[in-house]
Structure formats: structure tokens, C-alpha cells
Amino acid sequence: MPPTETTVVSDAGPLTAIAAAVSDGAGLPTLARAVARALDAGIVIADRGGAVLAVAARSRDEERRLLSSRGDLDATTLLVAGEATGSVVLQHRGDPDPGLVAVVLAVVALEVERVRAPTRATQEEAAAFCGDLLAGDLVDADAILERGAELGIALDAPTGALVVRVHAHVAADEGWRSRTLAAVERGARSISPSALVGLLDRGASACEVAALVPASGDGAMGRAADATFAELDGVLPGHAVAVGHGRPTDAPGDLPRALQEAMLACNVSEGDTEATVLGFEQTGAYRLLLSAMSENPEELRRFYAETIEPLAAYDGQYETDLVGTVTAYLDADGSVAAAAQRLFTHRHTVRYRLERVKELCGLDVTSSDGRERLSLGLKAMRVLGLGPQDAIAAVDRDARPRRAAGGRRGAPRP
């Protein structure tokens with residue numbers, strides 16, 4: 001059998017069209033059509049998060065078939081200076097020259113980077129702006145107005161805040177954070193096209209996004225939060241999503257407060273097994289702790305350290321569920337049987353865990369004072385947005401001073 005011949009494009013016309021699309025700034029759809037002709041292939045160009053930027057084939061029907069089947073085709077990562085800018089799916093009709101394909105895709109990668117760079121720059125500026133507001137580094141109303149105007153949002157009209165936190169509980173590809181950001185943008189901008197969205201955190205298995213949303217009319221922030229959750233639920237199956245929103249304000253100097261409210265609501269939503277979207281008005285007694293968080297966060301941290309932190313650190317180290325057991329016991333109004341039913345475990349296991357709680361933090365859940373302090377400690381934990389790994393780190397910094405009081409440190413019982 002004779003060897004398969006490699007098809008080489010000798011006509012410079014298609015390549016000239018690629019050059020013209022780039023030099024004229026005609027955009028990615030035009031470039032995609034030129035590439036499809038040059039390589040005799042259908043093509044789908046996507047950004048780093050997997051969002052489709054352009055598609056081209058011989059006909060609209062072929063484009064639709066290509067889009068519907070692209071998940072079954074191999075995608076090629078587009079690289080610029082070693083950094084991924086997006087990806088391309090090609091459906092070849094022949095056997096193109098690999099060198100030609102490499103050169104064409106390098107051009108596509110550069111164009112995707114050029115087109116998307118301003119958007120990423122704006123997102124980074126938005127993240128810095130929201131971060132400064134949350135940290136209290138930006139409180140002057142005129143300065144806030146000016147920063148907002150530079151980013152294209154008028155902050156002297158009613159504006160609310162969203163905070164979204166996503167945890168990857170399943171194996172995730174590299175683009176899940178980009179999809180998170182894009183989904184929050186779609187949800188927030190479904191209420192206001194000028195909404196400002198920025199990624200606050202790039203943790204290993206979690207990310208946090210903040211948004212400032214012009215919110216005219218009653219219930220606008222609730223609608224924005226619901227739309228954002230719906231977008232995230234559609235693109236991130238298997239991930240845990242918490243969305244919190246604060247009260248709108250038309251006073252720029254109050255925006256730090258609005259973002260703190262959204263952060264508090266997000267923290268409370270994350271710790272609630274039933275709520276995924278929560279407004280500040282729905283946080284109940286947690287609202288009383290917001291001023292403590294703003295005015296004296298160290299005192300709130302100290303109270304948490306005296307109550308829940310030893311339990312959270314123990315859970316993080318030994319993969320137990322003392323914090324969950326205390327939560328279930330308090331939610332069950334001090335009933336061991338009801339707590340066991342909620343936790344799908346035996347009553348004796350719940351009693352053992354509650355004894356362990358007393359050993360670790362010195363608080364007796366059978367006393368009214370113990371229950372009250374533990375309940376406030378749980379609320380402080382959620383307001384502070386802390387978890388087991390934070391508790392382990394804190395105990396390590398303090399050389400684990402409460403370890404001796406905890407008794408034997410071997411592997412725990414259930």
C-alpha cells in the first residue's frame with residue numbers, strides 16, 4: 001500500500017486571508033473562517049475557560065454539528081510564551097502539513113491573547129478594586145467614585161455587591177476558575193451590563209469572586225444572585241457553590257460595608273447545608289457579628305479560638321466531624337437522638353464526640369453557657385470564613401498549646 005501523501009497548501013490565497021484578518025483587526029470570527037479555508041477543516045476557538053469565541057466550517061449546519069461534537073474531539077491548547085491563552089478543536093477533511101498547522105495555530109494563539117487581554121486587564125483591575133474595598137484600604141467616597149468611573153461603573157447610583165465562593169469537589173480541568181468568572185459575569189450582567197466582576201482568590205481547590213452590580217428596583221440583588229447561581233450550576237457540576245449578596249447603597253462610601261455584607265452572607269451560606277444563595281437580610285443573628293468583624297476582628301478571632309478552633313483543628317487533622325456534631329446537636333435543641341438521626345450515626349457515637357468536645361475546648365454542651373458559647377463560636381467561624389485547615393495552621397503557629405489538654409492524640413474514635 002503506498003504511503004499516504006500529506007496535503008500541502010500551495011495557494012497563498014488562504015494564508016493571505018489569515019494575514020489580512022490579523023493586520024486589519026477583523027476579529028476572531030473572520031480569522032476562524034480564514035483558518036478553516038487554509039487548513040480545509042472545521043474549527044472551534046475557545047478561551048481558557050472553554051467559552052467558544054469563534055467557529056467556522058463549510059456551512060451553518062456543519063458548524064452546529066461541530067459545536068455539538070467538539071467534546072468528543074481532541075483539543076489543542078493555544079500557547080503564548082508558555083502560557084495557555086485558549087484552545088482549538090480542528091476537524092480536518094484531509095491530512096494537512098503539520099508545520100502549516102503549527103504556524104497557523106501560533107497566529108490564532110497570538111490573536112486570542114490580543115483580543116482577550118483587555119478583558120483580563122479589566123478583571124484584574126476589578127479584583128484589585130473590590131479587594132481594596134473589602135480590606136478597608138479604600139474608604140474615601142470621591143476616590144471610590146473615581147476608581148469606579150475608570151472601570152466604567154457609576155457608583156453614585158444604587159449599587160449592591162455579590163460574593164461567590166466555589167469549591168471543586170470533583171476532578172477539575174485547568175479552566176474551571178475561568179468558567180467560574182465568566183458565569184458570574186453572565187449572571188451579574190443579566191441584571192446590569194455595567195456590573196464589575198473580579199476574581200479575588202486563586203486557591204488550589206477553591207476560588208472567590210466579587211461583583212459590584214448597579215441594582216435599581218426592589219429585589220435586583222436577589223435576582224442577580226439567583227441568576228449567578230443558575231449560571232454556575234450549569235457549567236460547574238459537582239462543585240459546591242455559595243452566593244451571598246449585600247444591601248444596595250447609593251453612597252459610594254458605603255460600598256465597603258456592602259461588600260462585607262455580601263462576604264458575611266456567602267460565609268453563612270457556605271456553612272448552611274440548605275442555603276446556596278443568601279442575602280444579608282436573611283442571615284439572622286449573624287448580622288449582629290458584622291460590626292464586630294469590622295471594628296474588632298481580632299476579638300472575634302479570639303472568641304473563635306477559645307471555642308470552635310480546637311474542634312476544627314482536630315477535624316482537619318483526623319478527618320473527624322466534631323464541628324458538624326456540635327452543629328447538629330445545637331440544631332436539634334440539645335437532643336442526642338435527634339442529632340444522631342441528622343448525622344446518620346449511633347447515639348453513643350454522638351455522646352462520645354460531645355465528650356471529646358468538652359476535653360478539647362473545655363465547654364460542656366449539656367450546660368446552657370456551654371451551648372451558648374459554642375453557638376456563638378460557630379457563628380464567629382462562619383463570619384470569619386474559617387475552616388479546619390485554617391484552624392490547623394493557627395494551632396501550629398501557637399505550638400498547639402491546647403494539645404495537652406486534649407488528652408491522648410492518637411487516632412480518634414468515630
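Could you tell me whether the range 276-340 comes out rounded, prolate or oblate from its Cα gyration tensor? Rule is a ≥ b ≥ c as square roots of the eigenvalues, rounded for a/c under 1.5, then prolate if a/b exceeds b/c, otherwise oblate. Verdict is oblate for the range 276-340.
Charge tally around Ala339: other residues with Cβ under 10 Å, Lys/Arg +1 each, Asp/Glu -1 each, net +2. Mean silhouette area of the range 12-115, derived from the convex hull of its C-alpha atoms and averaged over all directions, reads 6.3 nm². Measuring nothing but how far apart in sequence close Cα pairs (under 8 Å, 6+ apart) lie, relative to its length, the chain scores a relative contact order of 11 percent. The HN-Hα couplings worked out from phi for the range 59-65 by the Karplus form 6.51 cos²θ - 1.76 cosθ + 1.60 (θ = phi - 60°) are 8, 5, 4, 5, 4, 5, 5 Hz, whole numbers, x standing for Gly and Pro. The dipole here belongs to the chain: it is taken about the Cα centre, uses +1 on the Cβ of Lys and Arg and -1 on the Cβ of Asp and Glu, and is about 1300 debye. Projecting the Cα atoms of Val166, Ala36, Ser87 onto the dipole axis of the chain, where Lys and Arg carry +1 and Asp and Glu carry -1 at the beta carbon, places Val166 farthest toward the positive end.
Tally Lys and Arg at +1 and Asp and Glu at -1 over the other residues with C-beta under 12 Å from the C-beta of Asp140: what net charge comes out? Charge balance near Asp140 sits at -3.
For the chain, the Kirkwood estimate of the hydrodynamic radius, built from every pair of different alpha carbons, is 24.5 Å.
When +1 charges are put on Lys and Arg Cβ atoms and -1 charges on Asp and Glu Cβ atoms, the dipole computed for the range 12-115 relative to its Cα centre reaches about 280 debye. What is the angle, in °, between the Cα long axis of helix 98-135 and the longest principal axis of the Cα atoms in the chain? Nearest 10 is fine, range 0 to 90. On a 0 to 90 degree scale, this one is about 30.
Of the residues Gly222, Val139, Ala182, the one whose Cα sits farthest towards the positive end of the charge dipole of the range 138-289 is Ala182 (charges of +1 on Lys and Arg Cβ, -1 on Asp and Glu Cβ, taken about the Cα centre). Helix 255-271 axis versus longest C-alpha principal axis of the chain: approximately 80°, rounded to the nearest ten. Ranking Gly334, Ala51, Thr283 by how far each Cα lies toward the positive end of the dipole of the chain (charges on Cβ) leaves Gly334 at the top.
Working note: 222 nm ellipticity from helices only, DSSP H runs with n ≥ 4, each -39,500 (n - 2.57), summed and divided by the residues of the chain, gives -17000 deg cm²/dmol to the nearest 500.
Any read-out appearing in this document is the output of simple, stated calculations on the displayed coordinates, not a laboratory observation. This one's a predicted model, so the numbers in the text were calculated from it and none came from an experiment. Every residue, glycine as well, gets a Cβ built from its backbone with ideal geometry; the counts of neighbours run over all protein chains shown.
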